[in-house]
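Comments concern the structure below.
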Number of protein chains: 2
Amino acid sequence: MPTNDQDQWRELGQQLRVDSIRSSSAAGSGHPTSSMSAADLMAVLISKYLHYDFGNPDDPRNDHLIFSKGHASPLLYAVYKAAGAISDEEMLTFRQLGSRIEGHPTPVLPWVDVATGSLGQGLPISVGVAYAGKYLDRLPYHVWCLCGDSEMAEGSMWEAFEAAGFHGLDNLTAIIDVNRLGQTGETMHGWDLDAYASRARAFGWEAFEIDGHDVEQIDAAFARVGNGGGRPTVIVAKTEKGHGVAAVANKNGAHGKPVTDEAEAIRELGGERSIAVQVAKPAGDGKPHVFETQGELSLPKYEIGTKEATRKAYGDTLVALGNALGDVIAIDGEVGNSTYSEEFKEAHPERFVQAYIAEQQMLSYAVGFQVRGWRPFAATFAAFLSRAYDFVRMAAVSRANIVLAGSHAGVSIGEDGPSQMALEDLASLRAVHGSTVLYPSDPNQTAELMSQVVDRDGIVFIRTTREKTPVIYQPGERFAVGGSRIVRQSNEDAVTLVAAGITLHEALKAADLLAEDGVRARVIDLYSVKPVDQATLVAASRETGAIVTVEDHFPEGGIGDAVLEALAAEPGRAIVRKLAVTIMPGSATPAEQLEAAGIDAEHIAVAARELAGARAPAQA
Amino acid sequence: MPTNDQDQWRELGQQLRVDSIRSSSAAGSGHPTSSMSAADLMAVLISKYLHYDFGNPDDPRNDHLIFSKGHASPLLYAVYKAAGAISDEEMLTFRQLGSRIEGHPTPVLPWVDVATGSLGQGLPISVGVAYAGKYLDRLPYHVWCLCGDSEMAEGSMWEAFEAAGFHGLDNLTAIIDVNRLGQTGETMHGWDLDAYASRARAFGWEAFEIDGHDVEQIDAAFARVGNGGGRPTVIVAKTEKGHGVAAVANKNGAHGKPVTDEAEAIRELGGERSIAVQVAKPAGDGKPHVFETQGELSLPKYEIGTKEATRKAYGDTLVALGNALGDVIAIDGEVGNSTYSEEFKEAHPERFVQAYIAEQQMLSYAVGFQVRGWRPFAATFAAFLSRAYDFVRMAAVSRANIVLAGSHAGVSIGEDGPSQMALEDLASLRAVHGSTVLYPSDPNQTAELMSQVVDRDGIVFIRTTREKTPVIYQPGERFAVGGSRIVRQSNEDAVTLVAAGITLHEALKAADLLAEDGVRARVIDLYSVKPVDQATLVAASRETGAIVTVEDHFPEGGIGDAVLEALAAEPGRAIVRKLAVTIMPGSATPAEQLEAAGIDAEHIAVAARELAGARAPAQA
């Protein structure tokens, strides 16, 4: 039962502080002082307001408690201990090899929704979860997000404030622990609570300013949560970093380290306690809303010989997935008529989320939705996914399952110029742990691959092309993630061309040019850049002895490097020539751009001829 | 002379609209309607308020005019034409191959400070330029930044509002062109000017709400700029997208495309005009402030046999560079006691800029400072540079010269866990056009490399290590960017170990282990990851036949891939085994992390033994 005993709240606050000290002292590192400031806030929250069944973290009715200030992990673990979720013994394995009690929270613990520790991410993701609660699940759970004052400097926090205010997320409460001190000194606003509250109010939030160590004030503020007439709530709490221990309280220089005298600190706080909190379980028998579907999956079909852009196939297929699967959600970065997410908006308006031009919030919606089991597809220009790269990186730490689609890849977008061209995206997204990187070359292939990744774990990136390209595969042909397709092949291949996306079509034209000179070229469609089809590449290396890779991307970290990696362990492997964009492009037509970058059919043919010729004498 | 003729302002506004239509119609693409909304604002600005010598864009006294809404490039080029900077003929080469009149503005034009087109970047960079004006140059130039309303959703805009308000940048004016319509539909706030103004005021700005097509109101607002008592100014202007042409005015669906009937549109606007504006030149004889220096460069020295972290060497060397060079500026992401930027703060407080936890603004300070010729060094954890990846990408398009330092690279940071570990940074930053990527292995080497990159063009990334590592090089030893160092070598080397940073020291220990088994290993310190020392790697390939690369980074796009690329064209090249982090790390000590990730000395030795053994029979 929830307790209403103020003395016990105060005692629990002391316990949470003591336990934060104990775990960080046991570890020899960590952030006890950043935990101590927020202990009273959490004590009241878990004693009276949080509704959560720690025995059943998958209960869809559960509230969500997200520490945006992830470095206050000692406090979070002390909360879990008080709630009976983990033992004192496990809590004290903090930061040890193999322990779930990691330095910053990650979902290896079942009560942690998402990894935090890169500041400014927990609140945007909380917005995502709260949006899911209000508009997708349609369940009354509440999202509680503990924020630091230092992280309020991150723009992503204000994307979150804007989004939550706009959508009227009254099921979201942000608690800003204004302990005044950052890592190296005072924050911009110190204890000026009104600086935070006035900003939040301007963004459409209800804001309460309180003493974050006064349990009565805390209780009063929490009691008013959700009464703001459709507005999200922020509780701006004045606190002391290291509160309760004179050696560190409100002292600069005490960030991110254990207290120097653990015993004295615990004595000052009144010693160890073992209060067990009976956290209220969620009430009611609500079940997540289920969106209606329209039968079996029916993928769009494109006729061989026609032309279509893979970005269009993305939009078409997304609609088809949405028809068949009620949990598919589309998120757009206000470019839906470019990415073709707008087709999904038309077909499934209740499952379409407009993130506006706020890519960090776009990623956060995706991560937040998948916390609740939805299958998000988020799309913008591939270049602008770079705006949310830290969120993608952290999504991997969160073990999130999301699909990202990036349109307008490479110089082949044409006249708009380099600001709109993704030329680093394969490199940056290949490097994300456990990611899948697809770069389809054909609309039917796009559809087929999308039908597979909807069930795939981890971060999936689909790179699409602005220009219409020839349809070369039949509808219904199978393309496996991790596979490739040999589009042209003979027993006399003197060189292999490896390409994907728009450059595959240039490679096919190059193969025609080479054939005119009597040079047979194998052409491999490397639509799965990660994982990569090592066997096919090794066979090509052995059988043709020379490989030209060609990609509409800068030279580092893309298709060429994926090929080189696949062949790294191969003795006597083929010579590889990487064709990629080595210039800083300007404006020009798509065809001119491909030529200027040296990745069009002519350039491919020249490189391939050189390699085939150079190799011939040695083989003779 | 500046004009005060309202009729002429109105005529000029029409001219700017007509020219925006003409250039985009000539190109067959572009954003005339987004240009037309802001034409009157720019007409008044350049006629009366802008101080700029278009004949001498390098004049330090010049104002700065930055289009944060870079897609309104037709308007910017129309302004340049009206100011006599470019001819009508050149204006009409918009978006053509080889033209300086690119789809979005870039500094190939001498009046463009920075490339824009990725929304939400122009204002943060304007804050950087304005900060330079007030605190570095100490000149009275004004920074005028034209913003779109759609881009106000980007968190980076609010980082900029926060920073400018905090620093009292009354030499900065943001002009928000509230034309209501984004790419696909209405913005969150439509024509609710107060939504923007109230947010801006909460962030400490002076805000004026006006009709952006009423030249009197525009004039009155500009006249009040800088009178806000140390506050930056924002002019929130209600405008119509496509204003003046009925077919597109305030119509959704007219974004990013030429008008359908050019002749009719120009007729509606009163026809072509050729008003030449005499833009006021900057007044006064002010010269940029020069900071005092303390003689010749004297790099810090570290004694062989001691231990020191390369991040500490970064801080020490930054101070030394600051002593000798008055234009070196340090920017910190509120982790200066981790990156050791704090040493520079102590030594050169006037040249130290605290960006707080706002990495996008941190990058924007750097880009803004280098606009004015300062040499910025910006540092945070390498993992958190990912937060500003789009800004780094665009900095390359801006041809910016900046140094980025990322500390706490890799799993070897230990207990803090994956949120704090940079494991994708080499991949993402290698892929940036024209970038230099350094990963020093020793403090003296760090100092030497830093003394070189201070003069280097482009984006320079220095990756530093949290842990103290042995000093292995003498003070004063030369290390060239693009070079490498063979640390161990013999005529009987059976394998080469390639490493950098913390793994170099593991490789050296591995070489000792291998030597105990009679296996000679060459060890290469690949401190320059890009550009890479191809000659040394090719020689190692030929002479040892087997290469193990080892890096504290995920497998894609880092040291291993740089080595593979260097050997791609080499016939019969060595077998390469890449050791890198393939797991998602948790918490553990640095040594445990290296072991768990398979990149410690033992794992290197095992891999090297296998390769050397596997190769031996074939060579025998």
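The values are calculated or read from the model by the stated rules, or taken from the named source; none is laboratory data. Computed from a predicted structure; not experimentally measured. Here Cβ is always computed from backbone atoms with ideal geometry, including for glycine, and neighbour counts include all displayed protein chains. Each accessible area value is taken on the protein alone, full model and side chains, heavy atoms only, with ligands, DNA and RNA left out. Shrake-Rupley method; radii C 1.70, N 1.55, O 1.52, S 1.80 Å.
Things to note:
- Cβ-based net charge around B:Glu602, under 12 Å, with every Lys or Arg adding one and every Asp or Glu removing one: -2
- Annotation for B:Glu492, label-to-label distances across the other copies: 5.1 nm (shortest first, one decimal, point 7 Å from Cα along Cα→Cβ).
- Summarising the strand pairing of chain B, around 10 percent of its internal DSSP beta bridges are antiparallel.
- For segment B:300-317, the Karplus equation 6.51 cos²θ - 1.76 cosθ + 1.60, evaluated at θ = phi - 60°, returns couplings of x, 10, 10, 8, 4, x, 7, 10, 7, 7, 5, 5, 5, 4, 4, x, 4, 5 Hz by residue, with Gly and Pro reported as x.
- Inter-chain shielding of A:95-108 (mean C-beta neighbours from other protein chains, 10 Å cut-off): 5
- Helix A:601-619 and the long axis of chain A differ in direction by around 70°, with both axes built from C-alpha atoms.
- Beta bridges by DSSP in the protein assembly as shown, antiparallel share as percent, to the nearest 5: 10
- Comparing the full protein assembly with the isolated chain, the residues of segment A:378-412 losing at least 40 square angstrom of accessible surface (1.4 Å probe) are A:Ser386, A:Arg387, A:Tyr389, A:Asp390, A:Arg393, A:Val397.
- Each Lys or Arg adds one and each Asp or Glu subtracts one; over the other residues with Cβ under 12 Å from the Cβ of B:Ser68, this totals -4.
- Under 5 Å, built H, 5+ apart or other chain: amide partners of A:Thr549: A:Val498, A:Arg577, A:Lys578, A:Leu579
- Peptide A:574-580, shielding by other chains (average Cβ, 10 Å cutoff): 3
- Using a probe of 1.4 angstrom and keeping all protein chains present, the accessible surface of the protein assembly as shown works out to 29 square angstrom per residue.
- Buried surface between chains A and B: roughly 8200 Å² of accessible area, summed over both sides, computed with a 1.4 Å probe on protein heavy atoms only.
- Between this copy and the others, label points of B:Ala223 are 5.5 nm apart in ascending order, each placed 7 angstrom from Cα in the Cβ direction.
- Innermost chain B residue relative to the axis carrying B onto A, by Cβ distance in angstrom: B:Gly155, 1
- List of segment B:119-157 residues, accessible area with partners at least 50 Å² below that of the chain alone (1.4 Å probe): B:Ala153, B:Glu154
- Distance (nanometres) between label positions extended 7 Å along Cα→Cβ at A:Glu296 and B:Thr582: 3.9
- Using just its DSSP H runs of length 4 or more, each adding -39500 (n - 2.57), chain B gives a mean residue ellipticity at 222 nm of -10500 deg cm²/dmol after division by all residues.
- Cross-link partners of A:Lys281 among lysines, defined as those whose alpha carbon lies under 24 angstrom from its own and excluding same-chain residues fewer than eight positions apart: A:Lys48, A:Lys81, A:Lys134.
- Accessible carbon and sulfur surface of segment A:502-620 relative to its total accessible area, %, 1.4 Å: 53
- A crude spin-label estimate for the pair B:Glu186 and A:Glu11, with each label 7 Å from Cα along the Cβ direction, gives 5.6 nm.
- Close amide H pairs (under 5 Å, H built 1.01 Å from N) link B:Val353 with B:Ala330, B:Ile331, B:Asp332, residues at least 5 positions away or on another chain.
- For A:Met584, solvent-accessible area (1.4 Å; no DNA, RNA or ligand), Å²: 40
- Counting Cβ atoms of other protein chains within 10 Å of each residue's Cβ and taking the mean over peptide B:202-208 gives 3.
- Restricting the trypsin sites (Lys or Arg not before Pro) of segment B:51-150 to loop positions (DSSP other than H, G, I, E, B) with no more than 16 neighbouring Cβ atoms within 10 Å leaves B:Arg138.
- Surface composition of segment B:140-283: carbon and sulfur make up 46 percent of the accessible area, probe 1.4 Å.
- The residues neighbouring B:Cys147, those whose beta-carbon lies less than 12 Å from its own, together hold a net charge of -3 under the Lys/Arg +1, Asp/Glu -1 convention.
- For A:Lys301, the point set 7 Å out from Cα toward Cβ sits 8.0 nm from its twins in the other copies, listed from shortest up.
- Overall size of chain B from C-alpha positions, given as principal axis extents largest first: 89, 50, 42 Å.
- Carbon/sulfur fraction of accessible area - segment A:316-453, other protein chains in place, 1.4 Å, %: 43
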